[in-house]
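Engineer: Encoded as structure tokens, here's the structure I'll be asking about.
Only the coordinates and a few stated rules stand behind these numbers; no lab work does. From a predicted model like this one, the values you see are computed outputs, not experimental measurements. Cβ coordinates were reconstructed from backbone atoms using ideal geometry, including for glycine residues, and neighbour counts include every protein chain displayed.
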Amino acid sequence: MRLRLTRFPYVLGALLCLVPSIAEQKFPQPRVSTRGLFGVWMASPIVAIGEVTNIVFYGEQTVDRLPPPTMLDVHELYWCVGDFHATAVVKGESVPTKKLLWASTIPGCKLLPDNPNHVANRSKTRAWLLREEGEFLRPTFDYGAHRFLGVFTRWEDDPTLPPRQHLGSLLLTPSANADTLDNYADYFWDVVDIACELLGREECVRRIRDLAALGDPKLRESACGCLKGQWKEQYDCDSK
């Protein structure tokens, strides 16, 4: 017996109407930053220690133009989503239990560089710079800025300090951020303002004085410049 399939196209068409097309998928407005690390920190309502797992592709978006300084010929955004697991809250009241959604101009849903020796891959503690948007957690900026602050030390290695003081002290610990004091001297200016906001003036000045006394000329110059220029602290930085 031959079956009549004249209704099949109509049934198939009805089923397809139930599936939203990629073109109809809604994406948040991507945010691009030209700010330095401290500027991104100040713009972040939430800073939380944690990790992102179960990362999957969320969708692809074609845009006419991305905000500067993105190159003019970039028109594709790749959106990804993952589960954010918070260990501690450094800034903000709490971290809502939501998925983290972000955009990239590079396909592959990678939050970290491919190079295993890259400093970001070596970080054992990551302080994520976040904001809340609708049903998702979002990076404060999707690209053109840091998504997290990373240090080489495990967060749980010193469980006695409150989260703000703990991160502040780690940022002013050279071995937690760089392989040498000389290398840390280059990074010092990126994080000192954040560390001082977390620690308060008195503790911050004490720790910067300790950095100046470590004996590395380059780090001493940076630490002394900060003490004199930003904090107006009198410190004998001219002595050898």
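Engineer: Which of the lysines could a cross-linker bridge to Lys99, judged by Cα under 21 Å and excluding same-chain residues fewer than eight apart?
Structural biologist: Result set, ordered by chain and number: Lys26, Lys91, Lys110.
Engineer: Related question: By the gyration tensor of its Cα atoms, with a ≥ b ≥ c the square roots of the eigenvalues, what is the shape of segment 28-153: rounded for a/c under 1.5, prolate for a/b over b/c, or oblate? Each step should come with its number before you reach the end.
Structural biologist: Values: a/c = 1.43, a/b = 1.35, b/c = 1.06.
Since a/c stays below 1.5, the shape of segment 28-153 is classed as rounded.
Engineer: Once you sort the root eigenvalues of the Cα gyration tensor of segment 141-196 as a ≥ b ≥ c, which label holds: rounded (a/c under 1.5), prolate (a/b larger than b/c) or oblate (the other case)?
Structural biologist: On the way: a/c = 1.67, a/b = 1.16, b/c = 1.45.
Because a/c hits 1.5 or more and a/b fails to exceed b/c, segment 141-196 counts as oblate.
Engineer: Can you grab the distance from the C-alpha centre of segment 207-231 to the C-alpha centre of segment 143-195, Å, no decimals?
Structural biologist: For segment 207-231 versus segment 143-195, the Cα centre distance is 16 Å.
Engineer: If we count other beta carbons within 10 Å of each Cβ, what is the order of Leu214, Leu167, Leu100, Leu181, fewest first?
Structural biologist: On the way: Leu214 13, Leu167 25, Leu100 22, Leu181 18.
The fewest-first ordering by Cβ neighbours comes to Leu214, Leu181, Leu100, Leu167.
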